[in-house]
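The values are calculated or read from the model by the stated rules, or taken from the named source; none is laboratory data. No experiment lies behind these values; they were computed from the predicted model shown. To get the accessible areas, we keep the full protein, side chains included, count just its heavy atoms, and leave off ligands, DNA and RNA. Shrake-Rupley method; radii C 1.70, N 1.55, O 1.52, S 1.80 Å.
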Amino acid sequence: QVQLVESGGGLVQAGGSLRLSCAASGRTVSSSAMAWFRQVPGKEREFVAAISSNTDYADSVKGRFTISRDNAKNTVYLQMNSLRPEDTAEYYCAARTGWLLRPRSPGDYNYWGQGTQVTVSS
């Protein structure tokens, strides 16, 4: 059983930066992957970034967002720079404990945080 808690969301002006954190607790394995997704009303939950032995980014955020992991703190971060109004969404942290090559679909993940709202003003 894995528990995920996101933090760091809020309101930021376009062009600004924000860092999200996802603290994980419970049982984990070395092959686990963690990811960030985002969702806006009326749209499907969208892959943002993932980290396991490699990192993976959606084209829409590549070069602007960075996913990283602090193993000592069992925490994953999403550094978001050059934010745009279209980045506004509810951001969710996700995890899976089994190996899968480059998981990008919500169904690939077994555990989810409660979400944190990111709003980028123009």
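Residues that are at pLDDT below 95 and either open to solvent by less than 40 Å² (accessible area, probe 1.4 Å) or part of a strand (DSSP E or B) (or both) within the range 24-50 comprise A24, S25, G26, S32, A33, M34, listed in sequence order.
Of all the residues in the range 81-122, those that are of a type in the set (V, I, T) and under 20 Å from V2 (Cα atoms) number 2.
The set of residues in the range 1-23 that are modelled with pLDDT of 95 or more and part of a loop (DSSP other than H, G, I, E, B) comprises G8, G9, A14, G15, G16, S17. Screening the range 100-122 for residues that are open to solvent by 80 Å² or more (accessible area, probe 1.4 Å) and under 10 Å from A33 (Cα atoms) and picking the one that is farthest from the chain's Cα centre (by Cα) gives L101.
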